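Here it is, the structure, as structure tokens.
The values are calculated or read from the model by the stated rules, or taken from the named source; none is laboratory data. Because the structure is predicted, anything quoted here is derived from the model rather than measured. A quick note on method: Cβ atoms are made from the backbone with ideal geometry, for glycine too, and the neighbour counts reach across all protein chains shown. Each accessible area value is taken on the protein alone, full model and side chains, heavy atoms only, with ligands, DNA and RNA left out. Shrake-Rupley method; radii C 1.70, N 1.55, O 1.52, S 1.80 Å.
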Amino acid sequence: MKIRLRGNSIRYRLDKTDIELLETTGKVESITHIGAGILHFCVRGKEITDPIIKLEQDGVHLLVPLARLADWYAPEQVGFELILPNADGSELKILVEKDFKCLTERNEDESQSFDNPMAGQNC
């Protein structure tokens, strides 16, 4: 799982293995070790009607309604957006997407990434 934080937004990009784990176990997570501590991100499917995000001591936990995830698992569905209110009146924008292979060569394992629909197209 790749995570990008920018301002009041979090973007989750899940590859094939991540999505398989989420679909079969109901949870996918990513842990980054920072010094003696860890930073933990988790996406979990739950029997709820509205999405919930929680900032806990060592990480961020996103709970997504199972029905929303079921629609997203379809091959033609790339991603979905959530906009959740913060206690201070601002909003947190969350984007959950399938991770596509890059169009340019990178020194990164993309074996579990989805084929990029833009591959082979000229600009």
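Could you identify the single residue in His33, His61 that is touching a strand residue (DSSP E or B) at 6+ places or on another chain (Cβ under 7 Å), over 17 Å from Phe80 (Cβ atoms) and modelled with pLDDT of 95 or more?
The conditions single out His61.
Here's another thing I want to ask about it. For the list (1) open to solvent by less than 80 Å² (accessible area, probe 1.4 Å); (2) in contact with a Leu (Cβ under 7 Å, 6 or more places away or on another chain); (3) modelled with pLDDT of 95 or more, I need the number of the one condition that Lys46 fails.
(1)
Is it true that some residue in the range 61-69 is under 22 Å from Leu92 (Cα atoms), buried (at least 17 other Cβ atoms within 10 Å of the Cβ) and touching a residue at least 60 places away in the same chain (Cβ under 8 Å)?
Looking for residues that are under 22 Å from Leu92 (Cα atoms), buried (at least 17 other Cβ atoms within 10 Å of the Cβ) and touching a residue at least 60 places away in the same chain (Cβ under 8 Å), one finds none in the range 61-69, hence no.
Another question about this same structure. Are there any strands (runs of 3 or more DSSP E) wholly within the range 1-43 with 1 or more residues that are touching a residue at least 40 places away in the same chain (Cβ under 8 Å), and if so which? Reasoning before the result, please.
Numbers: elements: 2-6, 9-14, 27-34.
The strands (runs of 3 or more DSSP E) meeting that bar are 2-6, 9-14.
Quick one: what pairs do we get from the range 70-88, first residue under 18 Å from Asp99 (Cβ atoms), second charged (D, E, K, R) and open to solvent by 100 Å² or more (accessible area, probe 1.4 Å), C-beta under 7 Å, 6+ apart or different chains?
Tyr73/Glu23; Gln77/Asp71
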